[in-house]
1. With (1) in contact (Cβ under 8 Å) with a residue 24 or more places away in the chain; (2) farther than 20 Å from residue 178 by Cβ; (3) surrounded by fewer than 16 Cβ atoms within 10 Å (Cβ to Cβ) as the list, and residue 58 as the residue in question, which single condition is left unmet?
2. Which of the numbered conditions does residue 36 fail, given that it passes all the others? Conditions: (1) within 26 Å of residue 122 (Cα to Cα); (2) at pLDDT below 90; (3) assigned to a helix (DSSP H, G or I).
3. Exactly one of (1) in contact with a helix residue (DSSP H, G or I) (Cβ under 9 Å, 6 or more places away or on another chain); (2) within 20 Å of residue 67 (Cα to Cα); (3) surrounded by fewer than 20 Cβ atoms within 10 Å (Cβ to Cβ) is unmet by residue 95. Its number?
4. If only one of 171, 145 is in contact (Cβ under 8 Å) with a residue 40 or more places away in the chain and either within 14 Å of residue 91 (Cα to Cα) or within 17 Å of the chain's Cα centre (by Cα) (or both), which one is it?
5. Please verify whether region 101-110 includes one or more residues that are in a helix (DSSP H, G or I), free of Cβ contacts under 8 Å to residues at least 24 places away in the same chain and under 15 Å from the mean Cα position of the chain (by Cα).
6. State whether the residues of region 118-138 include one that is closer than 26 Å to residue 16 by Cα and touching a helix residue (DSSP H, G or I) at 6+ places or on another chain (Cβ under 9 Å).
7. Identify the residue in region 119-160 that is closer than 29 Å to residue 36 by Cβ, in a helix (DSSP H, G or I) and touching a strand residue (DSSP E or B) at 6+ places or on another chain (Cβ under 9 Å) and, among all such residues, is modelled with the lowest pLDDT.
8. Does residue 12 qualify as being at pLDDT 90 or above and exposed (fewer than 13 other Cβ atoms within 10 Å of the Cβ)?
């Protein structure tokens, strides 16, 4: 278990944020967290919780990169990185990330992303792609995926299809990204 001490402005006190790998006992809470978090999001199709359930059963699932954020023994955040490909290179796709609305803007998403990047590097991954907010992910080094020569597997506006080179190698990814089949079911 990884414990990330954090000062969060929750209930006007100092609390401890724990980032750890999910386990099977977490599935129901994660399912409910994701469903609740995306319930009223205008950009959501409302199926992120079922997508995660499907991804866990697929070949693209990497248990070490399925992380929860916990505060006071309550799961308040979740992030999942799954395998993707471009040509012969295996890369990662970040999808989804959820932080309970009551805990947003308190550093939990940042902690999840940073821990995910750290683990991904240790596992030998060089690139991560994400479809996400153009105002959020660039804070973590994400650039338009087209900068690296990568194309999405379906029409996605350039400003929300982003990638990060975890090792700052300035490598070029040429071609279309292949996401896990579960994204298209």
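1. Answer for residue 58: the failing condition is (2).
2. Unmet condition: (1).
3. Condition not satisfied by residue 95: (3).
4. Answer to the selection: 171.
5. No.
6. Taking every residue of region 118-138 in turn, at least one turns out to be closer than 26 Å to residue 16 by Cα and touching a helix residue (DSSP H, G or I) at 6+ places or on another chain (Cβ under 9 Å).
7. Applying the filter and picking the extreme gives 159.
8. In short, no.
The values are calculated or read from the model by the stated rules, or taken from the named source; none is laboratory data. Quantities reported herein were computed from a predicted structural model and do not represent experimental measurements. Quick reminder, even Gly has a Cβ in these numbers, built from the backbone with ideal geometry, and neighbours come from all protein chains shown.
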